[in-house]
Amino acid sequence: MDILVVGGGGREHAIIWSLSRSPRAGKIYCAPGNAGIAQLAECVPIGVFEFDKLTAFAKEREVGLVVIGPDDPLAAGIVDAFEAQGIPVFGPRKNAAEIEGSKTFMKDLLHKYNIPTAAYEKFSDYGSALAYLRTRELPIVIKADGLAAGKGVTVAYSREEAEQALQEIMVDKVFGEAGAQVVIEEFLAGQEMSILAFVDGETVRPMAAAQDHKPVFDGDKGPNTGGMGTYSPLPHIAEDIIREAVETIIEPTAKAMVAEGRPFSGVLFAGLMISPDGKPKTIEFNARFGDPETQVVLPRLRSDLLEIFVAVTEGRLADIPMEWSDEAAVCVVLASGGYPGPYPKGVPISGLEDNGAALVFHAGTARGEDGSWVTSGGRVLGVVGLGATIAEARTAAYASAEKITFPGKQHRNDIAMKALI
């Protein structure tokens, strides 16, 4: 079966790496892809929003399955476009992808169905939002309603920081129309946890749990990013807590989406907070694989990813066996200097050929005129170490990460430390 994967980051590289291990996988295409992905798939110069060109390409090449990676085209209806052409596609339709595309929709859904989440209020008027904000205790969380590349959320610890975030979102429009509405939310303290699940209507099959590191600097300091590193499993979070999160949050949400006439098909990603008393609450939902969670989850999947994708598109996920490795995985993201702010591109990368036992997923790389590796994004590479324990996997990841160099390279030094304390 020939496959088209839409997207061009580290998540898509990990998906393609996993798909390429399936005996059923034929030729794999990626649109638009990146230089690292080109080692496993034929990259096609079509943008993720060029729905007509993408569907025409899939028809012309008689692609048997299309897999959608990023959030923005899902929210814009890319799955609906492929379905209208009769092309099998893995991912949620536009009306289901709204669970990520609109934080107000997501919060209202959880509230309606009594699914655990933080207390919140939503606003479309800056004056009303500011007046409400000034009555709340700190810290407080301020979120742009729409998609903002993982950067539309501020956890404010001071009144000045909170008001500045609100000003930037609603007045300065730093996230464009994504900030036309805001959600002001109760701050939740505790341990973060990510659970990705394959979902087919009311059928939920959770993947191995993971934990992301959003702030750019060690100790969870600095501005939020798209993710600076991840690890899986979570030995410091009890299995019964993970099971409770699936049973009280993810499964009820899948049922709620069916009840709302928006059945979800694809990967539903729950960003959760485990309170000090061990109770999980919902921070957010994403409508696709996480990045960089995918980079540590899929290497632990022993089952055939292509078989799972096909089963979801055919509505028979409940019949598919799924097995996970006991092995641990740790991903360290190597980022460009300046990220998540402005950063240079075209910076030469060395050491990519000497990775030892680590997996290296390319997020923002390109080939220079002489064929050498250069940077082309904020997050450049995800270096994944595997081992019998988190400590072993972490050692492997950092050993390989140190061999890769480029001017301005930055990374966190404390990925997965929470699992070792």
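The values are calculated or read from the model by the stated rules, or taken from the named source; none is laboratory data. Keep in mind that what you see is a predicted model, and the values were worked out from it rather than measured. Cβ sites come from the backbone with ideal geometry, for glycine too, and all protein chains shown count toward neighbours. To get the accessible areas, we keep the full protein, side chains included, count just its heavy atoms, and leave off ligands, DNA and RNA. Shrake-Rupley method; radii C 1.70, N 1.55, O 1.52, S 1.80 Å.
Points worth noting:
- A simple charge model with +1 on the Cβ of Lys and Arg, -1 on the Cβ of Asp and Glu and nothing else charged puts the dipole of the chain at about 300 debye relative to its Cα centre.
- Each part gets one Cα centre, and for the stretch 319-381 versus the stretch 51-114 those centres are 26 Å apart.
- Considering only alpha-carbon pairs that sit under 8 angstrom and 6 or more positions apart, the relative contact order computed for the chain is 16 percent.
- Once both labels are positioned 7 Å from their Cα atoms along Cα-to-Cβ, the gap between VAL258 and THR395 label points is 4.7 nm.
- Ordering GLU160, GLU192 by accessible surface, largest first, gives GLU160, GLU192; the 1.4 Å probe counts only protein heavy atoms, with every chain in place.
- Annotation: per residue accessible area for the chain equals 39 Å², rounded to a whole number [probe 1.4 Å, protein chains only].
- Of the chymotrypsin sites (Phe, Trp or Tyr not before Pro) in the stretch 106-189, those whose Cβ has at most 16 other Cβ within 10 Å and which sit in DSSP loop: TYR113, TYR157, PHE187
- Candidate residues SER232, SER128: accessible-area rank, largest first, probe 1.4 Å: SER128, SER232
- Inter-label distance, nm, simple model (7 Å from Cα along the C-beta direction), THR135/LYS173: 2.9
- Accessible surface, 1.4 Å probe, highest first, among residues TYR343, TYR231: TYR343, TYR231
- From the coordinates shown, P(r) over Cα pairs in 20 Å bins from 0, in percent corresponds to which of (i) 13, 20, 25, 16, 11, 9, 5, 2, 0; (ii) 27, 61, 12; (iii) 27, 58, 15, 1: (ii)
- Surface composition of the stretch 324-404: carbon and sulfur make up 52 percent of the accessible area, probe 1.4 Å.
- Shape call, the stretch 1-96: gyration tensor on alpha carbons, a/c limit 1.5: prolate
- Taking packing as the residue-averaged number of other Cβ atoms within 10 angstrom, the listed peptides 405-418, 373-386, 310-323 run from highest to lowest as 373-386, 405-418, 310-323.
- Taking each residue as 0.36 nm, the span from GLU239 to GLN85 lengthens on full extension beyond its C-alpha to C-alpha distance by 51.2 nm.
- Model label sites at ARG302 and ARG24, defined 7 Å from Cα along the beta-carbon direction, differ in position by 2.0 nm.
- Ligands, DNA and RNA excluded, the heavy atoms of CYS43 present near 50 Å² of accessible surface to a 1.4 Å solvent probe.
- Tensor-based shape of the stretch 88-194 (alpha-carbon gyration tensor, a/c under 1.5 rounded, otherwise prolate or oblate): prolate
- Percent accessible area from carbon and sulfur atoms, the stretch 193-304, protein chains only, probe 1.4 Å: 49
- On full extension, the segment bounded by ASP414 and HIS111 gains 105.5 nm, given 0.36 nm per residue less the C-alpha separation.
- Full-stretch length increase - GLU186, ARG367 - with 0.36 nm per residue and alpha-carbon distance subtracted: 60.7 nm
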